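Asks: First the structure, then my questions, so here it is.
The values are calculated or read from the model by the stated rules, or taken from the named source; none is laboratory data. In this text, all values refer to a predicted model and were calculated from it rather than measured experimentally. Here the Cβ positions follow ideal geometry from the backbone for every residue, glycine too, while neighbour counts run over all protein chains shown.
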Amino acid sequence: MEIKNLNIENLVRSAVVVAVGLPIALSLTNLTGTATRLAEQSLTDPTSEVTASLKSELAGPCVRYMLSKADSKLEREAKNDIEEVVGGPVNYTETCKWVL
């Protein structure tokens, strides 16, 4: 009887270890895979560098534009700053939604 009891205890213990350890191992694998994909994408995607640079330059003017009153001096200055960064007239609202 002692051998059966010992085997059952070992089986239960093994099942508990698998039940607890498997989700942890799978989540760590998924996290590592996601980090790897993001790193590869940032290295191979030339647009990510350009868009990050544009967004950082436009953040200030877009905040000023979104918070300004319509037809105010602040709005016109923000529009001018946005046009200067982009290089010409744009749809200010949509541009700032993309940036922010």
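Asks: Does Glu77 satisfy the condition of being modelled with pLDDT of 75 or more, charged (D, E, K, R) and either surrounded by 10 or more Cβ atoms within 10 Å (Cβ to Cβ) or in a helix (DSSP H, G or I) (or both)?
Replies: yes
Asks: Moving on. For the stretch 80-100, name all the residues that are outside any helix (DSSP H, G or I) and either surrounded by 15 or more Cβ atoms within 10 Å (Cβ to Cβ) or in contact (Cβ under 8 Å) with a residue 60 or more places away in the chain (or both).
Replies: Of everything in the stretch 80-100, just one residue is outside any helix (DSSP H, G or I) and either surrounded by 15 or more Cβ atoms within 10 Å (Cβ to Cβ) or in contact (Cβ under 8 Å) with a residue 60 or more places away in the chain (or both), namely Val90.
Asks: Also: Of all residues in the stretch 15-64 being within 30 Å of Arg76 (Cα to Cα), surrounded by 10 or more Cβ atoms within 10 Å (Cβ to Cβ) and β-branched (Val, Ile, Thr), which is modelled with the highest pLDDT?
Replies: Filtering the stretch 15-64 for residues that are within 30 Å of Arg76 (Cα to Cα), surrounded by 10 or more Cβ atoms within 10 Å (Cβ to Cβ) and β-branched (Val, Ile, Thr), the one modelled with the highest pLDDT comes out as Val63.
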